[in-house]
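Colleague: Below are the structure tokens for one structure; questions will follow.
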Amino acid sequence: MKGGGGGDIVIGHYASLTGSTAVFGISADEGARLAVDELNGSGGVLGRKIKLVTEDTQSKPEEAVTAVQKLINQDKVVAMLGEIASNRSLAAAPICQKAKIPMLSPASTNPKVTKVGNYIFRACFIDTFQGPVMADFAMKSVNGPHARKLAVFYDVKNDYSLGLREVFIARVKELGGEIVADESFGEGDVDFRAQLNKIKATNPDAIWVPGYYQEVALIAGQARQLGITVPLLGGDGWDADSLAKSSAGGIDGCFFSNHYASDDKSPAVQKFISTYKAKYNGKLPDAMAILGYDSMLLMADAIKRAGNTDGKAVRDALAKTKDFAGAAGNITIDKDRNAQKPIVVLRVVAKKVGDNFEQKFQYVETVTP
Ligand code: PHE
């Protein structure tokens, strides 16, 4: 039998441990490993220990393909966790689908990911929800900037960003708002001033920047240098503890949507935070960490419900997931293999303290589907 017969249950995790979005993979893996500790500490699953094998995708889609091929062919994993970034999940999902290895992405939000096939699942909301929520926040929320004129600044090389650009614009128009600028950049860019100057000339009330944290921080820093004072708005891809520093504080007062708020008082969230901090030297977990944790627990739960590690049986069990109590909220898998979960909007607070920048994500509001 795959996965070592009566030995350990081997589960794969492909994750960006290095490269431009290393925060995503490192956090997700830390969360998943905390879950493995807890599972094995209480006797494992089906009387067997869980063994999590992680392969680095280097933040590149083509390396995600290599990683899942190795995990499936060499390590003989029975199930797969990963990736965080939608473009890497999209690259690797067809291989899992073909091999009938159930894949659970902790946090890829692009709608196309789970459409790859019936073995592909996610533990989070999708961008056709996330984008409109932030358009509503920009234009309608009492807590938001009450914008009418919106600028868009997106990553043309990134499926996630392209998807969020599109649904955001559609919602703004539906609400009677105006898109005054629609500019693009590419992952890895470091100078955004030409596009930011064009955006500035259109005098927007807010700027939608659906990107990943590295570019977003530079964009925020350069926007402030150019005298742009309106808030930048973004999605979950902003989540990283380096935003304040890499933007030289420019990110202060901006907003993004995410999967969890660390100041959420719910016992499940607070318990997760304290066990994570205890294992990882006091580090505050981000959304990828809590979703990595929940994904590992959900996969283990599905294997338990399946009663064995057969790919089809685990797939069927995952598909039947109902009200699974995750730390970041309950997970019910819908007919499209997505999870319907609330979104939190967070305000970034960045303060200069000596030569350093302190960063906090302050809870603003929750939007339920
Ligand atoms: N949702 C992002 C994507 O699909 C990944 C992400 C999730 C990034 C959570 C940060 C936090 O590409």
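Read-outs throughout are calculated quantities, based only on the coordinates presented, and are distinct from any laboratory measurement. All values reported here derive from a predicted model rather than from experimental measurement. Glycine gets a Cβ as well: all are built from the backbone with ideal geometry, and neighbour counts include every protein chain shown.
Colleague: Please say if segment 3-98 is rounded, prolate or oblate, where rounded means a/c under 1.5 for a ≥ b ≥ c the square roots of the C-alpha gyration tensor eigenvalues, and otherwise the choice is prolate for a/b larger than b/c and oblate otherwise? Before the final figure, lay out the partial values.
Modeller: Details: a/c = 2.66, a/b = 1.47, b/c = 1.81.
The shape class here is oblate.
Colleague: Choose one of GLY326, GLY221, THR275: the residue whose Cα lies farthest towards the positive end of the charge dipole of the chain (beta-carbon charges +1 Lys, Arg; -1 Asp, Glu; about the Cα centre).
Modeller: Of the listed residues, the answer is GLY326.
Colleague: With both bridge residues required to lie in the chain, what share of the DSSP beta bridges run antiparallel, to the nearest 5%?
Modeller: Approximately 40 percent, going by the DSSP bridge assignments.
Colleague: May I pose another question? Which of the three applies to the chain, rounded, prolate or oblate, going by the alpha-carbon gyration tensor with a ≥ b ≥ c and a/c under 1.5 meaning rounded?
Modeller: prolate
Colleague: What does the charge dipole of segment 174-309 about its Cα centre add up to, to the nearest 20 debye, if the Cβ of each Lys and Arg holds +1 and the Cβ of each Asp and Glu holds -1? Walk me through the numbers before you get to the answer.
Modeller: On the way: 12 positive and 18 negative charges, 136 e Å.
Rounded to the nearest 20 debye, it is 660 debye.
Colleague: Along each of the three principal axes of the Cα atoms of segment 197-327, give the extent in whole Å, ordering the values from largest to smallest.
Modeller: Computed over segment 197-327, the largest-to-smallest principal extents equal 61, 33, 22 Å.
Colleague: In debye, nearest 20, what is the charge dipole magnitude of segment 119-238 about its Cα centre with +1 on Lys and Arg Cβ and -1 on Asp and Glu Cβ, if you could check? Please report the intermediate quantities before stating the final value.
Modeller: Numbers: 12 positive and 15 negative charges, 75 e Å.
Using only the charged Cβ atoms, the result is roughly 360 debye.
Colleague: Then there's this: Sort GLU55, GLU83, GLU187 so the one with the fewest other Cβ atoms within 10 Å of its own Cβ comes first.
Modeller: Fewest-to-most Cβ neighbours within 10 Å comes out as GLU187, GLU55, GLU83.
Colleague: Considering the options SER42, GLY235, THR202, tell which one lies farthest towards the positive end of the dipole of the chain, charges being +1 on Lys and Arg and -1 on Asp and Glu at the Cβ, about the Cα centre.
Modeller: Most positive-ward Cα: SER42.
Colleague: Calculate I(q)/I(0) for segment 40-192 by the Debye formula, one identical point scatterer on each C-alpha and no solvent, and give its log10 at q = 0.11, 0.17, 0.19 Å⁻¹ to two decimals.
Modeller: The Cα Debye sum returns log10 ratios of -0.55, -0.98, -1.10.
Colleague: Continuing with this model, one more query. Can you work out ³J(HN,Hα) from phi for every residue in segment 105-115, in order, using Karplus 6.51 cos²θ - 1.76 cosθ + 1.60 and θ = phi - 60°, giving whole Hz and x for Gly and Pro?
Modeller: So the J values, rounded to whole Hz, are 8, x, 8, 6, 9, 5, x, 5, 4, 7, 6.
Colleague: Can you give the net charge of the other residues whose Cβ lies under 12 Å from the Cβ of GLY221, counting K and R as +1 and D and E as -1?
Modeller: 0
Colleague: How big is the charge dipole of segment 75-180 about its Cα centre, in debye rounded to the nearest 20, if each Lys and Arg gets +1 on its Cβ and each Asp and Glu gets -1 on its Cβ?
Modeller: Working: 14 positive and 9 negative charges, 37 e Å.
Result for segment 75-180 is approximately 180 debye, rounded to the nearest 20.
Colleague: With just the Cα atoms defining each centre, how far is segment 213-228 from segment 267-284? Give it in Å.
Modeller: Taking the Cα centre of segment 267-284 as reference, the centre of segment 213-228 is 31 Å away.
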